[in-house]
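The block underneath contains the structure these notes are about, expressed in C-alpha cells.
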Amino acid sequence: MDDRFEDRPKGPRFCQDHSSGKTAVAKRFRPFRYRIPFCKFYRKFFGFGRQRGFDPKKENIEAYLDSAWTFNLARSGVLFFVLYAGAEPVAQFFENPNASPVIRAIAFLQLLVGTENIGTIYFQKDVRFEKLAWLKFSEVIVNVAVSITTALILRNVWALVYGALAGAFFKTCMSYAMHPYRPKLQINLDKLKEMLRYGRWLFGSSILVFLITQGDDAFVGKVLGATALGFYQMAYNLSNIPATEISNFVAQITFPIYSKIQADTSKLKSFYLKAVQIIAYLSFPIAGLIAFLAFDFTKLVLGEKWLPMIPAMQALAVWGLVRSIGSTTTQVFLAVGKPTLSTKIKFFQMVFIFALIYPFSAKWGILGTSLAVVTATLIPNLVAYYLAVHIVQGRLKDFCKVLLLPLFNTAIMLFVISVPKMLWENPLMFILQALLGVTVYILVTNFFNALFAYDMWFVIRKIREEMKR
C-alpha cells in the first residue's frame with residue numbers, strides 16, 4: 001500500500017488534505033483524522049445547536065437569545081472537558097496514541113465556538129445571505145491560510161490544529177464585529193424549556209445525521225484499516241464537498257423565506273420547486289464532472305497509487321447529488337413545523353446503512369461501503385421528496401420535471417467533453433474537458449431556459465426582494 005496514504009488527514013476541506021499530504025514528513029498528520037468524528041459526536045450530543053431551538057414561526061426571538069447563548073456556552077464547557085478526558089480512550093480505540101494530544105488541543109476549539117455572537121442568527125432570519133457567506137467563508141480562508149503556512153514551517157499535524165483554532169477565533173471575532181447584539185450571561189428557564197421542546201426532534205435528527213455521515217468512517221477505519229479509511233475519506237471529500245457546500249448554503253438562505261410564505265400554499269409550492277431546480281442545475285453538472293473526470297484528475301494530481309479510490313469516488317458523487325437535492329426537503333419540514341418527518345426519515349436511512357454496510361464492504365471493500373451509503377440514502381430520500389411535494393400541495397410530475405432538464409443538460413455536457421479525449425490524448429486533457437464542460441453546460445442551460453421559460457433565477461430574485469423589505 002501507498003505510504004503517502006497514511007499521510008492524508010481527514011479534513012472538512014480537500015485543500016487541507018492535499019496541501020498537508022504533500023509535505024515530506026506528512027505521516028505526522030495522521031492523528032488529525034480521528035478527532036473529527038469524536039468532536040462532531042459530542043457537539044451533536046450535548047446540545048440543540050445555536051439555531052436549532054428557534055421556532056421559525058416566531059417573529060421576535062430576542063427574548064430567547066441570552067438563554068440560548070448561555071446554554072450553548074455551558075454546553076461548550078462540558079464538551080471541552082468531555083473531549084479532554086475522552087482523548088485517550090479514542091486514541092486507544094483507533095490504535096493511534098499520537099491522536100490523544102491533538103484531540104485535547106482541539107478541545108479548546110469548542111470553547112471558541114461557544115462564545116460566538118448568537119446575534120448572527122438574524123443574518124439568516126432576515127435573509128442577509130451576503131453576511132452569512134462572508135462569515136462562513138472568512139473562517140475557511142483563515143483556516144486554510146494558517147494551516148498551509150504553519151505546515152510549511154512545522155511540517156506536522158499541529159499545522160491543522162492551529163489552522164482550525166485560528167479560523168474559529170477569527171469567526172468569533174467577526175461575529176461580534178458584524179452584529180451589534182451583545183449576549184448576556186443569563187438563563188430564563190421558561191424560554192429555555194420552550195426552545196428545548198421545539199428542538200428535541202432536531203436534536204434527535206442531528207444525532208442521526210452524525211451516525212449517518214460519520215458511522216461509515218468509523219466502520220471503515222476499524223474494520224478495513226487506516227489505509228482504506230484514508231482512501232475512503234479522500235474519495236468522500238473530493239466527491240461530496242462541492243455539491244453539498246452549495247446546497248447547504250442555498251438551503252440556509254431559503255429557509256427564512258419558506259417560513260414567511262408557509263401559509264400561502266401557491267407561493268410555497270412555486271418557491272420550493274424553484275429551489276429544487278436551482279440546486280439541481282448546480283449539483284447535476286458537478287456530480288457528473290466529478291464522476292467523469294475522476295480517473296484523469298486522480299492520476300495527474302494525486303498520483304497512480306491513489307487510483308483504487310476512484311470507484312468509491314464515483315459512487316459517492318451520486319450520494320452528494322442525492323443529498324444536495326434532499327437538503328431542500330428538510331428546510332420545508334422545518335419551515336412548516338414538522339421536524340418529526342426529517343428525524344423519522346433519517347432514522348430509516350441509518351437502519352438501511354447499518355444493514356448494508358457490512359455485507360457490501362466485505363464483498364467490495366470501500367466501493368461496497370460507498371454503494372451501501374448510496375443505496376441507503378436514495379430510498380429514504382425518495383420518500384422525503386414525495387412528502388415535501390405533498391406538503392406544498394404539488395405534483396410529483398412537477399418535481400420530476402425540474403430535475404429532467406438539468407439531467408439532460410448534464411448528459412449533453414458529458415457527451416461533448418468525451419469527444420476531445422477520443423481524438424487527442426494528453427495528460428492535461430482533463431483541464432480542457434472541465435473548462436469545456438462548464439462552458440457547454442452554461443450555454444445549453446441558457447438555451448433551454450429561454451426556450452421553455454423555466455425562469456431558473458426565480459429563487460435569486462425572490463431572495464433579493466426579501467432583502468429589500
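All of the numbers you see were taken from the coordinates with simple rules; none came from a lab. This is a predicted model, so every value here is computed, not measured. Reconstructed Cβ throughout: ideal geometry from the backbone, glycine too, with neighbour counts over all protein chains shown.
Per-structure values
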{"read-out": "Whole-number Å³ per residue for the convex hull built on Cα positions in the range 193-349", "value": "117"}
{"read-out": "Hz values of 3J(HN,Hα) by residue in the range 248-258 - Karplus curve (6.51, -1.76, 1.60), Gly and Pro given as x", "value": "5, 5, 4, 5, 5, 7, 8, 4, x, 6, 3"}
{"read-out": "Under Karplus coefficients 6.51, -1.76 and 1.60, residue-wise ³J(HN,Hα) of the range 431-440 in Hz, glycine/proline x", "value": "5, 4, 4, 5, 5, 5, x, 4, 5, 4"}
{"read-out": "Filter on Lys299/Lys421; Lys184/Lys344; Lys125/Lys184; Lys125/Lys338; Lys125/Lys171; Lys131/Lys260 - keep pairs with C-alpha separation over 26 Å", "value": "Lys184/Lys344"}
{"read-out": "Amide H contacts of Asn98 (H built 1.01 Å from N, under 5 Å, at least 5 apart or other chain)", "value": "none"}
{"read-out": "Hydrodynamic radius by Kirkwood, which averages 1/r over all alpha carbon pairs of the range 279-420, in angstrom", "value": "16.7"}
{"read-out": "Spin-label zone in the range 258-289 - amide nitrogen under 19 Å from a point set 7 Å from the Cα of Arg395 along the C-beta vector", "value": "265-277"}
{"read-out": "Burial order of peptide ranges 428-438, 368-378 (average beta-carbon count within 10 Å, highest first)", "value": "368-378, 428-438"}
{"read-out": "Exposure proxy ranking, count of Cβ atoms within 10 Å, fewest first, for Arg323, Arg104", "value": "Arg104, Arg323"}
{"read-out": "Dimensions (Å) - the range 223-469, Cα atoms, principal axes, largest first", "value": "55, 43, 31"}
{"read-out": "³J(HN,Hα) computed for each position of the range 156-164 - Karplus, 6.51 cos²θ - 1.76 cosθ + 1.60, integer Hz, glycine/proline x", "value": "8, 4, 5, 4, 6, 5, 5, x, 5"}
